[in-house]
């Protein structure tokens, strides 16, 4: 295991706090939002501004330093946190670095959280912001022919599901999707779940709790909840899927990449060996996480300009 990833896990073990799965959602959210010392440092932007969709969904737009005037390639970013935690604030510095690395505009969505708002509410919030950005492209400075979606963990799930829903409903053009150790399968029954169920950051018990919170009364085999259950993945945007070696979500992310590839979708898959779940978001603690944010930001820029 990467030495900084091991140090991160050791630090968590020393705190000996309760599992997030045992805490009331407001308390879990407060803890998650307080981990700013683990996130990337703030970096300057040309502009950062908050907006609201017609339905009242907050989203934050980041315009990169050095960007030319006029419409920019745009990435809709959907944050992680198990659908229960996270907001535009917890992923603020990550979005700043992605925008500058790729010279793209990033729109980070503050979708409603579960269990108060279960499936499909968060997904519909993300779809609403996507439509609003495209419909008001001139005022936001969005190049509507160069739009991507990206997200980490639960945000990776929402990104994957959004591309499927958007294709089926003939929504705005999405050119690429970046899925960062995405949650894909509600069954939670892969070999990586067995191997890394405890003591590797995200635990199996926590993931089961997150799924229960998100699904509410629906079955986990719904294809927009578990994207791997979608019968036809053809025609989806080109994808890059990144996974971490010591992550319970590793196998389902890699299996989904193979499903996409089998359906004729252009796919890049990269496993970050030695790393754990959260290395992208907690890149303030892991140098290879910082390198990954830079690399994936550049990939988004290349896809949207290619």
Problem - Prolate/oblate/rounded label for segment 154-210 (Cα gyration tensor, a/c 1.5) - result: prolate
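I need the peptides 28-38, 172-182 ranked by packing, meaning the mean over residues of other C-beta atoms within 10 angstrom, with the highest value on top. Working shown, then result.
Working: 28-38: 14.5, 172-182: 23.8.
Peptide ranking by packing, descending: 172-182, 28-38.
Indicate, rounded to the nearest 5 percent, the antiparallel portion of the DSSP beta bridges found entirely in segment 3-305.
Numbers: 10 of 38 bridges.
That works out to approximately 25 percent antiparallel.
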Handout entry: Global form of segment 256-306, assessed from the alpha-carbon gyration tensor, a/c cut-off 1.5
Key = oblate
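Could you rank the peptides 261-274, 196-209, 157-170, 41-54 by their average count of other C-beta atoms within 10 Å per residue, with the highest value first?
Numbers: 261-274: 15.7, 196-209: 17.9, 157-170: 21.4, 41-54: 13.4.
Ranking, from highest mean packing down: 157-170, 196-209, 261-274, 41-54.
When ranked by the protection proxy of mean other Cβ atoms within 10 Å per residue, highest first, what sequence do the peptides 82-89, 68-75 form? Mind dumping the intermediate values first?
Numbers: 82-89: 22.1, 68-75: 17.2.
By packing density, highest mean first, the sequence is 82-89, 68-75.
Quick check on segment 49-122: take the gyration tensor over C-alpha atoms, sort the square-rooted eigenvalues as a ≥ b ≥ c, and tell me if it's rounded (a/c under 1.5), prolate or oblate. Show your work: numbers first, answer last.
Working: a/c = 2.85, a/b = 1.88, b/c = 1.51.
Prolate is the answer for segment 49-122, as a/c is 1.5 or above and a/b outweighs b/c.
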Exercise for the section: Enter the Cα centre distance for the pair segment 188-259 and segment 1-70, rounded to the nearest angstrom. Expected result: 21 Å
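What does the helix-only formula give at 222 nm for the chain: each DSSP H stretch with n ≥ 4 adding -39500 (n - 2.57), the total divided by the residues, and the result rounded to the nearest 500 deg cm²/dmol?
On the way: 10 runs with 116 residues, N = 306.
Result for the chain, helices only: -11500 deg cm²/dmol.
Rule-based calculations on the coordinates, nothing more; no lab input. Just so it is clear, the structure is predicted and the values come from calculations on it, not from any experiment. We place every Cβ from the backbone using ideal geometry, glycine too, and count neighbours over all the protein chains shown.
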